[in-house]
Amino acid sequence: MRTRFKNIAVFLCVLYITSVNASFATTISDKWNKLHSLLDDTLVSLDEQRKLPDSTWIPLKKNKKTVQKKIDSLIDEAISILNISDLSETKSKITESLEAIKEYQSTISQLQTEKMMAPKDVEDWKLWKKDEKDFEEMIESYEKKIVKKENEIEGLKIDFQEKIRKIGIDLDSDQVDMLVYSVTGDDDVKIISVFNNVKIITNKLKELSVTSNENIESARRYYGMHTVLLKVLLHLQESYNNKVEDEYLPKLDKISRDNKKLTQETKRLLKDSDKQYRSLYKSNLEAQELTEKTISFYKKHLIKNAKRMTKSRKKSEKEYRIAENTYNTVSTAYSLITLMRNTDKFFNSLSDLQIPDLLKFENNEMKEEFKKLSAEINAN
């Protein structure tokens with residue numbers, strides 16, 4: 001029979017008065033009712049799934065696979081709430097500004113094309129027509145907008161650097177750029193935010209499990225919530241690696257193949273070119289070689305972090321399996337309280353693995369090429 005958290009009011013009070021992480025209390029506490037409901041529904045579904053067959057020939061009858069779809073959907077919703085943090089908010093603003101710059105640049109490109117065919121001057125009474133000056137003014141206005149957005153991004157990056165330092169991650173400006181411009185940047189920030197919020201909620205559940213004394217049902221419920229939160233981390237870690245392996249790396253490989261073909265063509269053309277064109281071909285070749293070098297750098301970055309996430313996931317999986325097994329079999333509140341008290345060791349061992357390895361750019365040219373590659377991967 002489904003039961004609700006009996007001490008939800010106590011839990012809310014603990015969230016509001018916590019001084020461990022003020023930003024957590026102000027950004028996620030008002031979402032706790034929704035989050036609690038999602039975690040509770042997930043726990044009920046996991047209980048239900050455990051008793052169901054792997055498959056069935058009877059139409060519309062539930063089995064483990066059909067219930068898993070519901071569990072995945074509930075976990076995705078929970079992640080969207082657990083991702084609420086000052087850090088994620090700042091990263092979202094940076095992403096929005098980068099998207100705006102891309103739109104402005106596209107508009108400028110269109111205006112420059114239209115300007116090529118525009119008349120030098122237009123009679124004042126022809127209000128519906130535009131001349132070269134009109135297009136130049138419009139282009140200038142969008143260039144100013146780009147500069148404004150770029151300045152906003154610089155300010156947001158400083159803010160981001162300060163906020164991430166508050167949760168124990170010290171990054172220099174190059175590493176902030178790596179996190180901001182990498183295609184995994186949003187996923188990295190999401191994992192950091194979710195991990196920190198899961199850690200805080202688990203600490204509160206631990207406190208409540210202790211106050212439940214010998215009430216086995218309450219203690220079991222609190223521990224069940226902790227188990228679901230571990231399931232959330234597992235889901236997030238698996239999604240991260242799936243994106244890297246199935247989406248980002250294949251796209252980089254395609255870009256690399258295209259670039260190598262272009263490099264071969266450029267070398268062939270350079271060999272047969274007239275003297276007046278050789279400097280241009282050499283310049284193109286240098287740009288293509290930089291692209292290939294940056295692709296290699298980018299792949300190294302993605303593969304290293306995927307391995308890091310795999311190591312993190314293995315630790316989470318071990319913790320989840322013991323938590324799930326204990327939740328399903330425990331008979332005393334004391335056993336649950338003891339296990340909850342040991343969760344700090346797990347979170348401490350996992351903390352460093354949630355932070356991505358951030359490689360340093362060799363030079364500004366590589367940084368710019370890295371940004372271009374990120375934009376290309378996102379565009380494909």
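Summary of values
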{"quantity": "Candidate set from region 84-109 (those that are within 22 Å of TYR142 (Cα to Cα) and among the basic types (Lys, Arg)); member that is nearest to the chain's Cα centre (by Cα)", "calculated": "LYS93"}
{"quantity": "Residue satisfying condition, being more than 29 Å from LYS360 (Cβ to Cβ) and touching a residue at least 60 places away in the same chain (Cβ under 8 Å), within set VAL198, VAL194", "calculated": "VAL198"}
{"quantity": "Index of the failed condition, LEU359 passing every other in (1) farther than 23 Å from ARG50 by Cβ; (2) in a helix (DSSP H, G or I)", "calculated": "(2)"}
{"quantity": "Test for LEU82: is it farther than 30 Å from GLU362 by Cα, touching a residue at least 24 places away in the same chain (Cβ under 8 Å) and either loosely packed, with under 14 Cβ neighbours inside 10 Å or of a type in the set (A, V, I, L, M) (or both)", "calculated": "yes"}
{"quantity": "Residue within region 94-107 that is at positive phi and out of contact with any Cys (no Cβ under 6 Å at 6 or more places or on another chain) present", "calculated": "no"}
{"quantity": "Residue list for region 291-333, restricted to those being among the hydrophobic types (A, V, I, L, M, F, W, C) and surrounded by 16 or more Cβ atoms within 10 Å (Cβ to Cβ)", "calculated": "ILE295, PHE297, LEU302, ALA306, MET309, ALA323, VAL330, ALA333"}
{"quantity": "Residue within region 150-162 that is aliphatic (A, V, I, L, M), assigned by TED's automatic domain parsing to the domain that holds GLU103 and under 19 Å from ILE355 (Cα atoms) present", "calculated": "yes"}
{"quantity": "Single residue of THR90, THR42 found to be hydroxyl-bearing (Ser, Thr, Tyr), under 23 Å from SER182 (Cα atoms), modelled with pLDDT of 85 or more and assigned to a helix (DSSP H, G or I)", "calculated": "THR90"}
{"quantity": "From the options TYR281, TYR222, residue that is assigned by TED's automatic domain parsing to the domain that holds PHE297 and farther than 25 Å from ILE81 by Cβ", "calculated": "TYR281"}
{"quantity": "Exclusive hit being among the polar types (S, T, N, Q), under 30 Å from ASN284 (Cα atoms) and either assigned by TED's automatic domain parsing to the domain that holds TYR298 or modelled with pLDDT of 85 or more (or both), set ASN364, ASN328", "calculated": "ASN364"}
{"quantity": "Any chance GLN112 is modelled with pLDDT of 90 or more and either exposed (fewer than 14 other Cβ atoms within 10 Å of the Cβ) or under 21 Å from VAL232 (Cβ atoms) (or both)", "calculated": "yes"}
{"quantity": "Test for LEU249: is it surrounded by fewer than 23 Cβ atoms within 10 Å (Cβ to Cβ), under 23 Å from the mean Cα position of the chain (by Cα), touching a residue at least 40 places away in the same chain (Cβ under 8 Å) and over 19 Å from VAL44 (Cβ atoms)", "calculated": "yes"}
{"quantity": "Pairs where the first residue, in region 161-184, is surrounded by fewer than 17 Cβ atoms within 10 Å (Cβ to Cβ) and the second is among the hydroxyl-bearing types (Ser, Thr, Tyr), C-beta under 9 Å, 6+ apart", "calculated": "LYS166/SER23; GLY168/SER351"}
{"quantity": "Condition broken by SER209, with the remaining ones in (1) free of Cβ contacts under 8 Å to residues at least 24 places away in the same chain; (2) within 30 Å of THR338 (Cα to Cα) satisfied", "calculated": "(1)"}
{"quantity": "Residue ranges of helices (runs of 4 or more DSSP H) in region 124-236 with at least 3 members more than 22 Å from the chain's Cα centre (by Cα), over 20 Å from ASP40 (Cα atoms) and of a type outside the set (A, V, I, L, M, F, W, C)", "calculated": "132-166"}
{"quantity": "Every pair of residues 6+ apart whose Cβ atoms lie under 6 Å, when the first sits in region 357-370 and is touching a residue at least 40 places away in the same chain (Cβ under 8 Å) while the second is surrounded by 17 or more Cβ atoms within 10 Å (Cβ to Cβ) and part of a loop (DSSP other than H, G, I, E, B)", "calculated": "LYS367/PHE361"}
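The values are calculated or read from the model by the stated rules, or taken from the named source; none is laboratory data. Being a predicted model, the structure only gives us computed values, none of them experimental. No Cβ is skipped: glycine too gets one built from the backbone with ideal geometry, and neighbour counts run over all protein chains shown.
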